[in-house]
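J.: I have a structure here, written as structure tokens, and I will follow up with some questions on it.
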Amino acid sequence: PYSADAAEGALKFNFLHWGIHPYAIYTAAGLCCAFIILNGKRRFSISSSLYPLIGDRSEGIIGKLVNGLCMFAILGGMGTSLGFGVSQFCTGVNYVFGTNISDNLISIFFIGVVLILAISTACTGLQKGITPASHFNMYVYFALMVWAFIFGGTLFILNNTTSAIGQYFAFLIPESFYLEPVKETGW
């Protein structure tokens, strides 16, 4: 921990887990749904992508079960992302301001703020709520990215990113298939 190897490895594994692999899965699932919904003139639901496999049963109990499981997975993923994001936010505030806000009440407060913002933007509709919120998020993201690039060690960021991308492509195949069959690393 806290070594140069750990920092490089962290970026390499970050690219592995948030790079080609997950987006290939998302794209494949999205293409299946889009093809069946648009070309097959099916309902706009996840279970519609099962129509070529199980036919009209995709509209029945099996389809409802698939849609329910997908909703559960989406809610679980959103909840996990929200909890992880609040944890990172609290850690960042602690680091920047030298505080210790790991108290659960403060985390619950930040979760509540995020939920209120998300619900209010969703309830106001696509054009009045979600689109302006998305644009605001992108402006903040780009401003933070430019600020970090200028004031955060530009040469270090460029060198580290280039090295991590090189390591990612060098170890893409071996890391993709490594399942810890003999030695358990805990990764």
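J.: Regarding Ala6, is this residue more than 19 Å from the chain's Cα centre (by Cα) and closer than 30 Å to Ala170 by Cβ?
T.: The answer is yes for Ala6.
J.: Given the condition touching a Lys or Arg at 6+ places or on another chain (Cβ under 9 Å), surrounded by 11 or more Cβ atoms within 10 Å (Cβ to Cβ) and in a helix (DSSP H, G or I), answer yes or no: does some residue in region 129-144 qualify?
T.: no
J.: What tally of residues in region 19-48 results from selecting those that are within 25 Å of Ser176 (Cβ to Cβ) and among the polar types (S, T, N, Q)?
T.: Result for region 19-48: 1.
J.: Can you name the number of the only condition in (1) among the small types (Gly, Ala, Ser); (2) in contact with a helix residue (DSSP H, G or I) (Cβ under 6 Å, 6 or more places away or on another chain); (3) open to solvent by 40 Å² or more (accessible area, probe 1.4 Å) that Ser47 fails?
T.: Among (1) among the small types (Gly, Ala, Ser); (2) in contact with a helix residue (DSSP H, G or I) (Cβ under 6 Å, 6 or more places away or on another chain); (3) open to solvent by 40 Å² or more (accessible area, probe 1.4 Å), the lone unmet condition for Ser47 is (3).
J.: For the structure I just gave you, tell me whether Ser176 is hydroxyl-bearing (Ser, Thr, Tyr) and surrounded by 12 or more Cβ atoms within 10 Å (Cβ to Cβ).
T.: No, not satisfied.
Every residue, every condition in (1) open to solvent by less than 80 Å² (accessible area, probe 1.4 Å); (2) in contact with a Phe, Trp or Tyr (Cβ under 7 Å, 6 or more places away or on another chain); (3) part of a loop (DSSP other than H, G, I, E, B); (4) at pLDDT below 85, yes or no:
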{"position": "Leu82", "(1), (2), (3), (4)": "yes, no, no, no"}
{"position": "Ser87", "(1), (2), (3), (4)": "yes, no, no, yes"}
{"position": "Val93", "(1), (2), (3), (4)": "yes, no, no, yes"}
{"position": "Leu105", "(1), (2), (3), (4)": "no, no, no, yes"}
{"position": "Ile119", "(1), (2), (3), (4)": "no, no, no, no"}
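The values are calculated or read from the model by the stated rules, or taken from the named source; none is laboratory data. These numbers were taken from a predicted model, which means no experiment stands behind them. Positions of Cβ are backbone-derived with ideal geometry, glycine not excepted, and every protein chain shown enters the neighbour counts. With ligands, DNA and RNA removed, areas are computed over all heavy atoms of the protein, side chains included. Shrake-Rupley method; radii C 1.70, N 1.55, O 1.52, S 1.80 Å.
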